[in-house]
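Below is one structure, written out as structure tokens, with a few remarks after it.
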Amino acid sequence: MKYYVVDAFAQSVFGGNPAGICVLEKPLPTETMQMIATENNLSETAFVYKNGFGNYDLRWFTPKAEIDLCGHATLGTAYVICHFVDPDVEKMAFSTLSGILTVKRKENRFEMDFPSRMPEKITITQEMIDAIGVKPKEAYLSRDLVLVFDDEKNVEKLNPDFQKVFELEVGLGLVVTAKGTRYDFVSRCFYPKLGVNEDPVTGSAHSSLIPLWAEKLEKNSLVAKQVSKRGGVLTCCNVGERVEIGGEAILYLQGEIYI
């Protein structure tokens, strides 16, 4: 099968978040896709299968498990389709575990339409404090545990204990966030339960971060920065039950997988 690695939410290679994209000529067993994702050892490997012009089946796998939603690998898949599968396509519809996700191409940018997952406020526990080494201002829960800080410097300097993050009873991942200075808000994302200690840029986490910060900042159009070592910028829009997430991508690798 054709295989690509795309740096998503990046304008140049070695930035953003690398995603593996496998273009399938026929559906594969789940076990095979998981073994490929484990072999690739990227935070996400996407498997896309064409169901007609502009319509595709899409699944995402971490090195340890299938996941129900992934932003950067969806962006990377859209990039691959527009450049190598259907060059004339401008709007793509992906059938996924999270329903139909659409992506629009606008020159070098891609705009993704994702479900909104407003997190619910929960009580801060000692377990959370022990995992990150400092007490947050607030705690929220959706798919991920979201911890809010007063100062973006706390987010940038955070040094979690990944074993304790792994042992947290709530949340698939741990997301830490704060209001930004240059950007509306900043974040970092940790997923040791999925074999990824820190994810460089996490589109799916913004399904929760966008409605949360839209409410806090009383604005629906936002620009976010994930302040990991590689980093990435996301344009965000809160539109009720959906969120729109935009970014650029660039090709790092093109090859073939033999199984």
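Scanning segment 24-34 finds one or more residues that are more than 25 Å from L212 (Cβ to Cβ), hydroxyl-bearing (S, T, Y), part of a helix (DSSP H, G or I) and in contact (Cβ under 8 Å) with a residue 12 or more places away in the chain. Contact annotation: residue pairs with Cβ atoms under 7 Å, 6 or more positions apart or on different chains, pairing a residue in segment 174-200 that is over 21 Å from K153 (Cβ atoms) with a partner that is of a type in the set (D, E), are Y191/D199. None of V155, V176, V165 is among the β-branched types (V, I, T) and assigned to a strand (DSSP E or B) except V176.
Please verify whether segment 33-52 includes one or more residues that are polar (S, T, N, Q) and in contact with a Lys or Arg (Cβ under 8 Å, 6 or more places away or on another chain).
Checked segment 33-52: at least one residue is polar (S, T, N, Q) and in contact with a Lys or Arg (Cβ under 8 Å, 6 or more places away or on another chain).
You will find that of E256, E169, the residue that is modelled with pLDDT of 95 or more, closer than 30 Å to V85 by Cα, exposed (fewer than 14 other Cβ atoms within 10 Å of the Cβ) and acidic (D, E) is E256 and no other. Residue count for segment 214-224 satisfying the condition of being crowded, with 19+ Cβ neighbours inside 10 Å and either of a type in the set (S, T, N, Q) or in contact with a helix residue (DSSP H, G or I) (Cβ under 9 Å, 6 or more places away or on another chain) (or both): 2.
Are any residues in segment 98-133 part of a loop (DSSP other than H, G, I, E, B) and loosely packed, with under 13 Cβ neighbours inside 10 Å, and if so, which ones? If the condition is that a residue be part of a loop (DSSP other than H, G, I, E, B) and loosely packed, with under 13 Cβ neighbours inside 10 Å, then E107, N108, T123, G133 are the ones that fit.
The values are calculated or read from the model by the stated rules, or taken from the named source; none is laboratory data. Just so we're clear, the structure is a prediction, and the values are computed from it rather than from any experiment. Positions of Cβ are generated from backbone atoms using ideal geometry, with glycine treated the same way; all protein chains shown enter the neighbour counts.
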